[in-house]
Amino acid sequence: MDFKAQTLRRRTFGIISHPDAGKTTLTEKLLLFGGAIQEAGAVKNNKIKKTATSDFMEIERQRGISVATSVLAFIYKDKKINILDTPGHKDFAEDTFRTLTAVDSVIVVIDVAKGVEAQTEKLVEVCRMRNIPMIVFINKLDREGKDAFDLLDEVEQKLGLSVTPLSFPIGMGYDFKGIYNIYEKNINLFSGDSRKNIEETLAFDDIENPELDTIIGENAAAELRENLELVKGVYPEFDKEAYLNGSLQPVFFGSALNNFGVRELLDCFIEIAPSPRAKMSEERLVEAHEKDLTGFVFKIHANMDPKHRDRLAFVKIVSGTFERNKPYLHVRHNKRMKFSSPNAFFAEKKEIVDISYPGDIVGLHDTGNFKIGDTLTEGEILHYKGIPSFSPEHFRYINNADPMKSKQLQKGIDQLMDEGVAQLFTLEMNGRKVIGTVGALQYEVIQYRLEHEYSAKCTYENFPVYKACWVAPEDKNNDEFKEFKRIKHKFLAIDKQGQMVFLADSQFSLQMTQQKYPTVKLHFTSEYE
């Protein structure tokens, strides 16, 4: 298969949602339909110690939540599918935001009973800013929930989307009979036992056919006809172009736990979802079909295999092919590097690949050369933008609880910060280390991983800070900046990249500082050029 055909058969997407909407379950079932796994791990059932394929960190298995993005790849109907399963919990949102820079489309999962939740709104906002094509999957239809039309209204109003249903439920909860697939014009009947076997579908071009009354009952058939009439009148027809440019979002209904509605979603997805898209760099727009390799690091994961202390940099290939043992330019270091064992992923299982194409995610063993946002090319100087560090909302001093293990602690903190799980600030006043995170749960994860992966113990102390702001003076030599440094000395720190950060202790103090020192610009993300 030639380069162009390989590129066109790739589909790289992320799955996003509020925690507990069933995102990891949906990922499992997509893998099941793709023949990538034989049996899905029940994410909720702790009695049977089966866990989701995408939750491979020990802490994820204990908590039953996803705390890191994982990459899963499989082939379905000759399409190469790369799924990035992201954490839903708001405390790990930064990992999810970064992952969204590496996907070509997303599936948004919504719980039928809870509707649109806060975290979904934030994530969809990021996708809308980037015009990422979205498909909405309304999940858990085997439970009692909101009316389908009310949900569609909620999605339009709260998420600011323009939707068109491509499938429609017949009943819900106890009365759930199945789904009418508008896209393929067939009916998929639900029986509570469908977890074990994948349902048969009945072709139904004409819903006026009296046979429908026999199959699902007269009342259900009448209601379905009425609903479909309404769908036709209210919602626009599906238009692939509008979906691809982010102005129309198709909606599917189903129950991931019961394997229901998942095949319809997957079949439609591989047909309409975009193959690898062009990406803007600071210098120019890079098209996927260009022959020269370009790619960027969107995630770093330390200790994927604790026995080997390995660090992997996840690289999204934007254009060209990535070949094993071929030298590529690491743009930030301006040096050429070869990689003898690039990995493709299946959750924590990895295999060495000789060649990868645009849209693929490649794992590179890293000894500390990479940081998030780094670019690899065949020689051209390119910088991919849009992978910032966000201003943390929680701050704590980190202390060493075992003086015999200070080296291990230092190494552990260093590597975990490179992953972007949190940010490290060193106070200029006394050199103490402060960890800033987007969510409080991150502290538990850091403590757990330091102990279990690096044999180092740490304790925390509260550090009252309102916001971290990156400092960008208009002129480093002017008197105003010198006075700012002298007066605010106690509140200044240096981040891991050597940039100066102002740790404001209150909103009032931040506003006063901005008014008093107008030439000293303060930014809430680290990417402010």
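Of the cross-linked pairs Lys79/Lys326; Lys467/Lys488; Lys140/Lys232; Lys457/Lys490, those separated by over 18 Å at the C-alpha level are Lys79/Lys326; Lys140/Lys232; Lys457/Lys490.
For region 459-510, just say rounded, prolate or oblate: build the C-alpha gyration tensor, square-root its eigenvalues into a ≥ b ≥ c, call rounded for a/c under 1.5, and beyond that prolate if a/b exceeds b/c, oblate if not.
On the way: a/c = 2.27, a/b = 1.58, b/c = 1.43.
Prolate.
Sorting Asp366, Asp292, Asp402 on solvent-accessible area from highest to lowest, probe radius 1.4 Å, gives Asp292, Asp402, Asp366. Here Glu380 sits with roughly 80 square angstrom of accessible surface, probe radius 1.4 Å. Which of rounded, prolate or oblate describes region 130-179 when judged by the alpha-carbon gyration tensor and an a/c cut-off of 1.5? Prolate is the answer for region 130-179, as a/c is 1.5 or above and a/b outweighs b/c.
If you bin all the Cα-Cα distances of region 238-302 at 5 Å, starting from zero, the percentages per bin are 3, 12, 16, 15, 15, 16, 14, 7, 2, 0.
Cα centroid separation, region 259-281 to region 97-146: 14 Å.
Listed here are the pairs Lys291/Lys316; Lys371/Lys476; Lys122/Lys496; Lys158/Lys385; Lys80/Lys316; which of them are more than 23 Å apart at the Cα? Each step should come with its number before you reach the end.
On the way: Lys291/Lys316 16 Å; Lys371/Lys476 27 Å; Lys122/Lys496 27 Å; Lys158/Lys385 28 Å; Lys80/Lys316 15 Å.
Violating the 23 Å limit, Cα to Cα: Lys371/Lys476; Lys122/Lys496; Lys158/Lys385.
Of the solvent-accessible surface of region 397-493, computed with a 1.4 Å probe over protein heavy atoms with every protein chain present, carbon and sulfur atoms account for 48 percent.
For region 203-274, the solvent-accessible area works out to 46 Å² per residue, with a probe of 1.4 Å and every protein chain left in place.
Prolate is the label for region 390-529, because the ratio a/c of its alpha-carbon gyration tensor axes (a ≥ b ≥ c) is 1.5 or higher and a/b is greater than b/c.
The values are calculated or read from the model by the stated rules, or taken from the named source; none is laboratory data. These numbers were taken from a predicted model, which means no experiment stands behind them. Side chains included, ligands, DNA and RNA excluded: accessible areas come from the protein's heavy atoms. Shrake-Rupley method; radii C 1.70, N 1.55, O 1.52, S 1.80 Å.
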